[in-house]
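Okay, so here's the structure we're looking at.
Nothing in this text is a laboratory measurement; each read-out follows from the coordinates by a stated rule. What you see is a predicted model, and the numbers here were worked out from it, not measured in a lab. Cβ atoms come from the backbone with ideal geometry, glycine included; neighbour counts cover every protein chain shown.
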Amino acid sequence: MKKKKYLALFLIAVSAMLLFTGCNKGKYGEDTKMKSEEITRSLVQALAEGDYAKAADDFSYTTKAKEEINAQSLETLWEGLSEGKGNFREVSGLEDDNWDKELKITVMCSFEKGTAELVVAFDRTVKIKSIYPG
């Protein structure tokens with residue numbers, strides 16, 4: 001009788017652990033995706049307007065990203081992305097890619113003479129981890 005009781009408790013504990021660990025693996029809620037996309041659009045708009053200080057200071061970055069990302073690095077990134085393509089026109093699309101520890105939003109940017117992709121990676125707290133050309 002005691003063996004059955006211990007076995008039942010063990011199975012309940014294992015089931016609970018699997019339930020809680022399975023919930024977080026590579027899944028972001030729809031609200032997190034929407035918030036990340038909204039932040040990404042705002043960030044791209046600031047970059048397109050040449051407001052690199054705003055892009056560096058007005059968004060939430062992880063501690064590590066904050067050490068690496070500043071107005072100068074964002075200006076260099078944007079100029080490299082848009083070089084030879086003319087003026088920015090619009091964000092023509094967004095794609096999200098779920099991973100275990102981050103959510104990547106790929107932005108399709110339309111310029112007068114072409115397109116380019118920019119990737120913005122977020123952590124689970126919707127802080128920007130990195131920004132790089134796609």
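Quick notes on this one:
- For the listed residue pairs Lys54/Lys129; Lys54/Lys101; Lys54/Lys104; Lys33/Lys104, the alpha carbons are over 19 angstrom apart in Lys54/Lys101; Lys54/Lys104.
- Within the shell of other residues whose beta carbon sits under 10 angstrom from the beta carbon of Met108, the net charge comes to -3, with Lys and Arg scored +1 and Asp and Glu -1.
- Across the range 110-115, computed HN-Hα scalar couplings (Karplus, 6.51 cos²θ - 1.76 cosθ + 1.60, θ = phi - 60°) run 9, 10, 4, 10, x, 10 Hz from first to last residue, x flagging Gly and Pro.
- If the segment from Lys35 to Ser73 were pulled out straight at 0.36 nm per residue, it would be longer than the present Cα-Cα gap by 11.3 nm.
- For a straight C-alpha distance cut-off of 14 angstrom, the aspartates and glutamates reachable from Lys66 (same-chain residues fewer than eight places away being disregarded) are Asp57, Asp58, Asp123.
- Entry for the range 29-133 at q = 0.12, 0.17, 0.21 Å⁻¹: log10 I(q)/I(0) = -0.36, -0.73, -1.10, Debye formula applied to identical alpha-carbon scatterers, no solvent contribution.
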